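Single-structure report; data block below.
What follows draws every value from the coordinates through simple rules; no lab data is involved. Keep in mind that this is a model prediction, so the values were computed, not measured. Counting neighbours? That spans all protein chains shown, and the Cβs are built from the backbone with ideal geometry, glycine included.
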Amino acid sequence: MTGRRVDWVATRGEPLHGDVRVPGDKSISHRALMFASIAQGTSGIRGFLEGQDTLATAAILHQLGVRIDAPSAGERIVHGVGLRGLRGSGAPLDCGNAGTGMRLLCGLLAGQDFDSELIGDASLSRRPMGRVVEPLTRMGARIEARPGGLPPLRIRAGASLRSIDYDMPVASAQVKSAVLLAGLYARGTTCVREPRPTRDCTESMLAAFGWPIRCTAGVARLEGGHRLRATDVVVPGDFSSAAFLLVAASIVPGSDLLIRDVGINPRRTGMLAALRAMGADIVEENPRRLGGEMAADLRVRSANPHGIDVPTEVVPDMIDEFPALFVAAALADGVTTVRGAAELRVKESDRIAGMATGLRALGVRVEELPDGAIIHGLGASGRLRSATLDSLGDHRLAMAFAVAAQRAEGDVRITDCANVATSFPGFLELAEAVGMGLQGP
Ligand code: S3P
């Protein structure tokens, strides 16, 4: 999105030490902006992620007529325009790199009385949107995509939406959220059933904004025709960002790091369970409610991880953490097996192929599976080779490779890292501050 090519050089640093915070949760930041925009009244957001993905969503909502003030970093004041208060923009709405932005906005815009066009960067333009277009079309929306269901998405004005009872074929919080957002504008009760539970921040935030929603195991139901009432949102630190530091501290001997105010919603923390099953030493200190979400300070000390079979049922609860998990597995004793994670192939990059290629270049044996991988760990004394690795413009691959390099015997060059700013602005500085060896351009 920045257009500027950014390469990093990562190398073995010091044991990780410090008392740090990571930026705000990306999923919650996107949703807080969207719900506050269509609420009645003024909402405050604290802990907002100042990342390119969420800034793109803010810019789009501004284009649609919402005033959003930014009194300080991490703070937003959103002047809600009400459910029917958005105004069309003659210009395309640029979601940048953000799949969450595009899919959720597609649901929000499906029932408006103006046309919209959602566009994205090269990576987003290759990602499947048929998964939201299909249920929204069944609700009466008129949406055109490129062949194969690819962006841009053209959403036609004036569709009269009807509710749907939708059995999701994939476990996707973005699809669930798109359908629920359209359901706000639909006649009748919209019901979404998930094959496996996924992150529930849409449901909890709708409730916080005063919209009646009923949730039972794997099913969310809401009726159209209510109102959202402005409320203040406190965004916890993003567990997905913390995960890179958890792995780095786990694999670098002598590390002892405290990461404060991290969201620990169980739908987001499958990686905690996986890392602990591998023998990681991570303690949740001071667990408490932060806004509507559970948060804790995570203390991580180095350990000697061992390989595991990642249980398929936790895959949705750690879907964004696999690049980091692959690195832990590469340095664990024994074999780690990941299955049931084919969704990794349609993220910001094909994360199975991208991680397998990168880890092989570092000297790790990785067998690729259609829906996962088998990773043969090098063990506690293992050292990775020097190499040049392509992050494929994927923020999580870039950060995972930087973590892996902390156990390399020389420099690891990582190319195309600018998109780290989509989810973890300041990663480079924070990584250096806690002891990692990492240099930018
Ligand atoms: C997200 C859901 C997940 C996740 C993404 C954020 C969300 O995507 O990978 O980073 O905020 O709803 P899927 O719904 O495609 O699994």
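Can you pull the three principal axis extents for the Cα set of the chain, in Å, largest first?
Each principal axis gives a Cα extent; for the chain these are 62, 43, 42 Å.
Suppose a student asked you for the relative contact order of the stretch 26-234, using Cα pairs under 8 Å spaced at least 6 residues apart; what percent would you report?
Computed over the stretch 26-234, the figure is 21 percent.
What fraction of the DSSP beta bridges in the chain is antiparallel, stated in percent and rounded to the nearest 5?
Among the beta bridges of the chain, antiparallel pairing accounts for roughly 70 percent.
Based on DSSP H runs of at least 4 residues, each adding -39500 (n - 2.57), what is the mean residue ellipticity at 222 nm of the chain after dividing by all its residues, to the nearest 500 deg cm²/dmol?
So the helix-based figure for the chain works out to -8500 deg cm²/dmol.
What spacing in nm lies between the two simple spin-label points modelled at T357 and D19, each 7 Å away from Cα in the Cβ direction?
Here the answer is 4.3 nm between the modelled labels.
Can you give the extra length, in nm with one decimal, that the chain gains between R5 and R227 once fully stretched, where that is 0.36 nm per residue apart less the Cα-Cα distance?
Between R5 and R227, full extension yields 75.5 nm more.
For the chain, calculate the relative contact order in percent as a whole number, restricting contacts to Cα pairs under 8 Å that are 6 or more residues apart.
With pairs under 8 Å counted, the relative contact order is 20 percent.
Work through the residues other than G218 whose Cβ is under 14 Å from its Cβ and net out their charges, Lys, Arg +1 and Asp, Glu -1.
Counting the neighbours of G218, the net charge comes to 0.
Pick out, in residue order, every one of the trypsin sites (Lys or Arg not before Pro) in the stretch 1-73 that is DSSP loop and has at most 14 other C-beta atoms within 10 Å; say none if there are none.
Of the trypsin sites (Lys or Arg not before Pro), the ones in loops of the stretch 1-73 whose Cβ has at most 14 other Cβ atoms within 10 Å are R4, R5.
Can you list the HN-Hα couplings for the stretch 297-307, worked out from phi with the Karplus curve (6.51, -1.76, 1.60; θ = phi - 60°), rounded to whole Hz and with x for Gly and Pro?
Per-residue couplings from phi come out as 8, 9, 9, 10, 10, 4, 8, 10, x, 10, x Hz.
Just name one of Q52, G41, S125: the one whose Cα is farthest towards the positive end of the charge dipole of the chain (beta-carbon charges, Lys/Arg +1, Asp/Glu -1).
Sorting the options by dipole projection puts first G41.
Going by how many other Cβ atoms sit within 10 Å of their own, how do S349, S72 line up, fewest first?
With the fewest neighbours first, S349, S72 line up as S72, S349.
If I stretch the segment between R413 and S160 completely, what's the gain in nm (0.36 nm per residue apart, minus their alpha carbon distance), one decimal?
Computed gain between R413 and S160 is 85.8 nm.
In what order do Y185, Y166 fall by count of nearby beta-carbon atoms within 10 Å, going from fewest to most?
Y166, Y185
Simple spin-label model, 7 Å along Cα-to-Cβ: R126 to E429 in nm?
Result for the modelled spin labels: 3.2 nm.
Quick one: net charge around E348, please, counting Lys, Arg +1 and Asp, Glu -1 for every other residue with C-beta under 9 Å from its C-beta.
Here the count lands on +3.
Which trypsin sites (Lys or Arg not before Pro) in the stretch 84-146 pass both tests, a DSSP loop state and at most 15 other beta-carbon atoms within 10 Å?
Here the sparse-neighbourhood loop sites are R84, R87, R142.
How big is the antiparallel share of DSSP beta bridges in the stretch 81-196, given as a percent to the nearest 5?
50 percent
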